[in-house]
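Structure first, commentary second.
Nothing in this text is a laboratory measurement; each read-out follows from the coordinates by a stated rule. The shown structure was predicted, so the numbers you read here are calculated from the model rather than taken from an experiment. Please note: Cβ atoms are built from the backbone with ideal geometry, for glycine as well, and neighbour counts cover all protein chains shown.
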Amino acid sequence: MIRRAFEAGWGFCVTKTFVLDKDIVTNVSPRIVRGTTSGHLYGPGQGSFLNIELISEKTCAYWLQIVTEIKQDFPDKRLPYTLHLTQVLIASIMCSYNEDDWTELAQRTEAAGADMLELNLSCPHGMGERGMGLACGQVSPCLISRKR
């Protein structure tokens with residue numbers, strides 16, 4: 001999908017959030033649940049759908065290879081008279097509250113060629129029991145600030 005988006009001229013894409021292999025999970029199926037909304041904007045009893053998919057089931061090696069291939073096929077190009085890249089690949093990564101894991105995954109992803117990293121420190125569901133996502137973001141501001 002990223003390749004097709006760049007071929008169509010999109011300016012950036014974000015990968016599915018991926019993790020080190022030791023943190024891979026199996027997603028449930030189906031991954032959509034019914035949500036509800038209410039209030040003055042929509043009226044009572046209105047419905048919605050929520051995505052409960054967790055992180056990617058693909059391995060870290062798979063995503064690093066995808067990043068490398070995409071950046072080889074769509075090398076950095078600058079728009080005339082600007083500093084902006086024409087097609088930016090953002091890799092979304094997530095780890096538990098473990099500085100070594102964050103360092104390893106960030107360095108490997110950067111070495112694969114990602115233009116930016118999205119550090120998933122705010123995912124509100126699914127991984128709190130492992131200290132990931134929102135659970136990690138709430139307890140580790142020092143961990144993140146030290147690595148800037």
Residues whose modelled amide H sits under 5 Å from the amide H of residue 12, counting only those 5 or more places away in sequence or on another chain, are 88
Once you list every other residue whose beta carbon is under 13 Å from the beta carbon of residue 67, what net charge do they have if Lys and Arg are +1 and Asp and Glu are -1?
0
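Provide the net charge surrounding residue 1, with neighbours chosen by a C-beta distance below 11 Å and charges set as Lys +1, Arg +1, Asp -1, Glu -1.
Every neighbour counted, the sum reads +2.
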What's the FRET efficiency of residue 107 with residue 27 using the Cβ-Cβ distance as r and R₀ = 41 Å, to the nearest 0.05?
0.95
